[in-house]
Amino acid sequence: MPNHFHWVVETPQSNLVAGMKWLLGTDTSRFNRRHKLFGHLFSGRYKSLIVDGSGSGYLKSVGDDVHLNPARAKLVVADAPLESFAWSSWPAYLLARSKRPAWLRVDRLLGAWGIPEDSPAGRQRLEQALEERRSAEEGEEFKPIRRGWCLGEEKFREELLTQMSERMGAQTTMTVGWIAERLAMGTRGYLNHLLYRRRKLDGE
């Protein structure tokens, strides 16, 4: 993308805010130093989406959405493969494990596609599957990714609301309004309503 990036990241701890602050700050600093510039490189806050990675297909949808974005944005010509887009991790997915960056986890996407092994044949199947999906894409499946604050089953959403309800005040100093805005969860009143309903259900 010419003016933004998409990233699927798994965080063992709830430290995405600190991680993104470091990443965007470091990238801006290095870019400015390299090009003898100053000031902001990114405008506004990033959008984040909490994804159910339990094997129910949501992680696959997000991964496919990210890898198909260059084709949708017409940054890859119709008859060129997706791997021809240099500013994507997709070409690295198709490399042997020894040639990939250590931080890139290919096994999760392979598993989501039902491909049991990170082998040349498995990676070829993955490439073929995504290229076929690209040619048949309608994009309906990806609409929920661009809206809302989480992607998963209703049970997953309810579990997140329960965790938020338990941590409000005890483990975070952030206000409900701040959380609602940062996670694109609607208004402060709407989030308060969701948390109230969740506490009420937990108390029954």
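The values are calculated or read from the model by the stated rules, or taken from the named source; none is laboratory data. On a predicted model such as this, the values are computed, not experimentally measured, just so you know. For neighbour counting, all protein chains shown are included, and Cβ atoms are generated from backbone atoms with ideal geometry for every residue, glycine included.
With respect to the stated conditions, ARG33 fails to be modelled with pLDDT under 90 and basic (Lys, Arg).
Contact map, the range 94-105: first residue assigned by TED's automatic domain parsing to the domain that holds LEU126 and within 17 Å of TRP7 (Cβ to Cβ), second residue of a type in the set (Asp, Glu) and loosely packed, with under 10 Cβ neighbours inside 10 Å, Cβ cut-off under 9 Å, separation 6 or more or different chains; pairs are ARG105/GLU10. The listed residues are GLY39, GLY25, and the only one of them that is at positive phi and either surrounded by 12 or more Cβ atoms within 10 Å (Cβ to Cβ) or out of contact with any Asp or Glu (no Cβ under 9 Å at 6 or more places or on another chain) (or both) turns out to be GLY39. Evaluation of THR173 against the conditions (1) at pLDDT 80 or above; (2) among the hydroxyl-bearing types (Ser, Thr, Tyr); (3) loosely packed, with under 15 Cβ neighbours inside 10 Å; (4) within 22 Å of THR11 (Cα to Cα) shows that the sole unmet condition is (1).
Restricting attention to the range 42-54 and to residues that are surrounded by 11 or more Cβ atoms within 10 Å (Cβ to Cβ) and of a type in the set (Ser, Thr, Tyr), the residue that is farthest from the chain's Cα centre (by Cα) turns out to be SER54. Among all residues of the range 55-65, there is at least one that is in contact with a Leu (Cβ under 6 Å, 6 or more places away or on another chain), surrounded by 14 or more Cβ atoms within 10 Å (Cβ to Cβ) and touching a residue at least 24 places away in the same chain (Cβ under 8 Å). Within the range 105-153, the set of residues being within 18 Å of SER89 (Cα to Cα) and loosely packed, with under 12 Cβ neighbours inside 10 Å comprises PRO120, GLN128. Taking only pairs six or more apart or across chains, which ones have beta-carbon atoms under 8 Å, a first residue in the range 137-157 that is closer than 10 Å to ILE50 by Cα, and a second residue that is loosely packed, with under 11 Cβ neighbours inside 10 Å and at pLDDT 80 or above? Correct list of pairs: empty, since none qualify. Out of curiosity, is ARG188 modelled with pLDDT of 75 or more, over 25 Å from VAL106 (Cβ atoms) and charged (D, E, K, R)? In short, yes.
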